[in-house]
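Report on the structure given below.
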């Protein structure tokens, strides 16, 4: 399937999920079940990639759907597609679990090497929304060091201390790279 066809399919999928979110906000369990059937594989993939443990990923996925059920009223279709909104919840929950288990210190350098690949990850393919494409374009504008550090910190949950150790630079330098990179991203996204 070509990229244009994939984008059209994602747009149709997002359009089909938006009404489900409205029904879920009203307490419709049937809509919630339909949303789960259409999205659980993608969200599990995000959790699995971050946690690197299927059992933990399943636990976190359950927490994600509890959060979706409880916070469906806060979903704003003007800001993100339903899948993108849920992907952020899944990513944040998985990173929280990772940090609680203090696994960030045990991540291998292979995770960073994987992030440096030009191949799109499952998370990259998750949402072809305009917001996602804009963020990717803005990330490409960052210098390589900042892009790698931000990706490792926010997509895999690697701590700043671990990143500093791997890069052989002081912790303050990593924090500065992240801070300046995030400011650049914000400026780019605000344009």
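Only residues that are over 27 Å from residue 71 (Cα atoms) and modelled with pLDDT of 50 or more were counted in segment 1-28, giving 0. Would a scan of segment 117-139 turn up a residue that is farther than 25 Å from residue 83 by Cβ and modelled with pLDDT of 50 or more? No - not one qualifying residue is present in segment 117-139.
When residue 188 is tested against (1) touching a residue at least 12 places away in the same chain (Cβ under 8 Å); (2) more than 19 Å from residue 133 (Cβ to Cβ), only condition (2) is not met. Against the numbered list (1) more than 10 Å from the chain's Cα centre (by Cα); (2) at pLDDT 90 or above, residue 96 comes up short only at (2). Could you tell me whether segment 162-175 includes any residue that is modelled with pLDDT of 85 or more and on the phi > 0 side of the Ramachandran plot? Taking every residue of segment 162-175 in turn, at least one turns out to be modelled with pLDDT of 85 or more and on the phi > 0 side of the Ramachandran plot. Just one residue in the set 110, 87, 105, 151 is in a helix (DSSP H, G or I), within 15 Å of the chain's Cα centre (by Cα) and either closer than 14 Å to residue 52 by Cα or at pLDDT below 85 (or both); that residue is 151.
Listed conditions (1) at pLDDT 90 or above; (2) in a helix (DSSP H, G or I); (3) more than 24 Å from residue 155 (Cα to Cα) are all met by residue 71, apart from (3). Each residue in segment 33-67 was checked for being farther than 18 Å from residue 88 by Cα and buried (at least 18 other Cβ atoms within 10 Å of the Cβ), and 0 of them qualify.
The values are calculated or read from the model by the stated rules, or taken from the named source; none is laboratory data. Just so we're clear, the structure is a prediction, and the values are computed from it rather than from any experiment. Because the Cβ atoms are built from the backbone with ideal geometry, glycine has one as well, and the counts that use them run over all protein chains shown.
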